[in-house]
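The values are calculated or read from the model by the stated rules, or taken from the named source; none is laboratory data. Nothing here was measured: the structure is a model prediction, and the numbers come from that model. Positions of Cβ are backbone-derived with ideal geometry, glycine not excepted, and every protein chain shown enters the neighbour counts.
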Amino acid sequence: MEGAKLAPSRFGGEVVGQLRQARTAFVAAPIGRILSVLVLLMIVYVLFVLLTRIFDRGGGYFLQIMIFGVANGAIYALVALGYTMVYGIIELINFAHGDLFTLGGFISLFLLPIVGADESKAGTAAVILPLIVVFLATMAICGAINVTIERVAYRPLRHAPRVAPLITAIGMSFILEGLMFLWKGPFNLHYPNLLPAASFAIAEATIHLRDIFVIVIAVILMIVLSIFVSRSTLGKAMRATAQDQDATELMGIDINRTIAATFFIGAVLAGAGGTIFGLYYNTVVFDLGFSAGLFAFTAAVFGGIGNIQGAALGGLLIGIIIAFSDGYFESAWTQVVIFGILILVLVFRPTGLLGMRVPEK
Amino acid sequence: MSRLMASIRSTWEHDPRKDPNELVYVLLGIGALVFPLAVQVATRGSGSFLISQAADAGVYVLLAIGLNVVVGFAGLLDLGYAAFFAIGAYTYAFVASDHTEFTPIHQAIHIPFWIALLVGMFAAAGAGAVLGAPTLRLRGDYLAIVTLGFGEIVPRLFRNLGDWTSGVNGISALDTPTLPVWLNGPWSGDSLQLVQNFKIIDPLAYYVIMVILVAICIVLVSNLRRSRLGRAWMAVREDEVAAAAMGVNTVGVKLLAFSIGAAFSGFAGTFYGAKLSLVSPENFGFTVSITILIMVVLGGMGNIPGVIVGSLLIYYVIFNVLPGLPNMAADFANSIGAPGLNTPSGEYPGLSGEVQRLKFLIFGLILVLTMLLRPQGLIPSRQRAEELQKGVHEDTVIEDLNAETT
């Protein structure tokens, strides 16, 4: 007490400062530390349970789940790319993106009979050309729709506070869901089973050709995208716009066109993802995009939002995590696990796994 | 005549009471007082359903007032607000029903409603603090995502932890709130009398209590807004770096906003659980969070009367107009002599079914059009409106020097 009353000598100041620091640390740090230790213990426990279960069920089951997770993750990665690109360029969480993915499934479902691809031709060479046509058409239509959405709902609000475009994005999500609901109703729709049923076995796990198809298509699309963004002029313009819009504009680059192109490419990938989803699972439903979108968004955050390789990696990991949670635990807990991971990543490593510097604006 | 008009106008313009907010408060107050009587007269004494619905609307008013503290005052985007609503409701279910006898506790807990209100409030505020403490230092968008994730997790926890919450079935038969005394009278269709140990079952009683609670909350929040804390919130909302430089403890202030907002949600949740006498994990999904957010944004973020009007309006549209539309459409088809429109055939579900399918679309259109046409909300706070004006029509560079750099 005597020391505290003294004139603020250097020594006294230091002591008071240290006391104050100690008090702050005493009040604030333990809560945070206890919480992080608890979280860590929980993660360790879950991983332990997971490991014991993996050993119990054997290697074949593990491989099976892994393949399923990778195929699923490839689809999530395609969707996550759209989230990450849009966020990287205009810092908008495009809630409508997940529904665009569903719309891709719906549009291709509508187009397939028109080009004459039905289940009688499943797995034959006659189905290849129609499928390519459907893929390209779906991707183009989704891209056009997303560019329109950007023009109508996001561009007018580009300089408004951040909440405004976010709410229009949620609104567009409801509108897209509403349109699909109006179109086909609330039912699970059957999507024609066109992929070959052939499969082969490796160590008690059956690997279908369709698993490989999904992974290959997704990987091709992602490679094309990353070459496009790193090599083409438009890709360069996108990266420049993401860094500094004003400077980019001063360099004579049309910002509006660049942003529209970003939305187009994102939607192209989502449309492809929706078609692949339909072909893989043989079912689509109008509100699929809500949870799929949230998962894909988690994937984008997980990998480091704004980072294209990060989104691909995050999608893959999320797919595998979902498969593990479904396969070794109960599927009722999957969403809790995914969103728990989302929160933990944001708290402990907000830049995600691969990370990217995103300045606070 | 024109002189009279001119004098009226000048009185109006110079009178401090011309503030639209006060006008709205007066109208809302009168509306709240007259509403039960008007309903009873209009429906010839069978209006208890409407009154009960109005009490439910009050729950949303409370929620919107609470979210307004978070989003409107402190500028934190919360997309999982329904989680705290769920926590409040489930807290009431735990502390005021026989349910805990069937959980591993094996002992029923019955706390009076009025204390449970506070318990629910503190439970939600505590959850808000626990969630907010590690996450509030994140950038704005990330906070939105964290709250979104939290909002998805909480109802699923309540659904999955079946041993404690009886899962999907929810918890039913919650305690009925009681009052020591209550005044019955012609307004409730009885003779004038004092009732001892009054059990709150009558919708009118819920309505009255709701109005009183809302009034208390309005006073609380208005005072908070004017307080040192309220000014700190607005400083943080406008420019966090500048606020920190002025000595505002930004994380602490944001944490308070977050917990106080959550407290209101828990408060509303407790009332909701008590009135419905049932809680189920299905009632607290993402759509609820979004609905409350829309109420706040549509009404006018940061402005309490605006938020109240917004919540009442949206509540009316969502819970009264939209559910009624399919029947209206079917009646309309019958009245124009085309009953064939109503018969379902094949994929066509009939006109009423078709209209029912429109609800997502209508909801989405409301959202998008509101943001595009009136992003400042119906009754905006003055600062907010100016900000938006500045933002939308980019001002000249010289004017921009005064504005916040974006």
Okay, helices (runs of 4 or more DSSP H) sitting entirely in segment B:60-167 with 2 or more residues that are surrounded by fewer than 20 Cβ atoms within 10 Å (Cβ to Cβ) and more than 10 Å from chain A (Cβ to nearest Cβ), I get B:113-135, B:162-165
If we take segment A:151-265, then helices (runs of 4 or more DSSP H) inside it with 1 or more residues that are under 30 Å from A:Met66 (Cβ atoms) are A:209-231
A:Asn146 passes all but one of the listed conditions (1) within 22 Å of B:Phe360 (Cβ to Cβ); (2) away from chain B (no Cβ under 14 Å); (3) in a loop (DSSP other than H, G, I, E, B); the exception is number (3)
Of the residues in segment B:283-310, those that are of a type in the set (Phe, Trp, Tyr) and within 13 Å of chain A (Cβ to nearest Cβ) number 1
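Can you tell me which residues in segment B:1-51 are in contact with a Phe, Trp or Tyr (Cβ under 7 Å, 6 or more places away or on another chain) and modelled with pLDDT of 85 or more? Outline the logic, then answer.
Going residue by residue through segment B:1-51, those that are in contact with a Phe, Trp or Tyr (Cβ under 7 Å, 6 or more places away or on another chain) are B:18, B:36-37, B:51.
Residue satisfying the conditions is B:Ile51 alone.
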Just one listed residue, out of A:Arg239, A:Arg210, is touching a Phe, Trp or Tyr at 6+ places or on another chain (Cβ under 7 Å) and either surrounded by 11 or more Cβ atoms within 10 Å (Cβ to Cβ) or modelled with pLDDT under 85 (or both), and it is A:Arg210
- Query: Can we say B:Asp98 is among the acidic types (Asp, Glu) and either modelled with pLDDT of 95 or more or farther than 30 Å from B:Asn303 by Cβ (or both)?
  - Reply: yes
Counting only residues in segment A:295-333 that are surrounded by fewer than 20 Cβ atoms within 10 Å (Cβ to Cβ) and of a type in the set (S, T, N, Q), the one farthest from the other protein chains (Cβ to nearest Cβ) is identified as A:Gln309
**Request:** Report yes if some residue within segment A:274-286 is within 14 Å of chain B (Cβ to nearest Cβ) and farther than 27 Å from A:Pro156 by Cβ; otherwise report no.
**Result:** yes
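Just a yes or no: is a residue in segment A:188-196 within 27 Å of A:Asn72 (Cβ to Cβ) and within 14 Å of chain B (Cβ to nearest Cβ)?
yes
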Per the filter on segment B:284-304, residues surrounded by fewer than 24 Cβ atoms within 10 Å (Cβ to Cβ) and closer than 16 Å to B:Gly58 by Cβ are B:Val288, B:Thr291
Residue set A:Ile220, A:Ile215; condition within 30 Å of A:Val127 (Cβ to Cβ), out of contact with any Pro (no Cβ under 9 Å at 6 or more places or on another chain) and surrounded by fewer than 13 Cβ atoms within 10 Å (Cβ to Cβ); output residue A:Ile220
When restricted to A:Ala96, A:Ala117, A:Ala140, A:Ala122, the only residue of a type in the set (Gly, Ala, Ser), surrounded by fewer than 16 Cβ atoms within 10 Å (Cβ to Cβ), touching a residue at least 40 places away in the same chain (Cβ under 8 Å) and touching a Leu at 6+ places or on another chain (Cβ under 7 Å) is A:Ala122
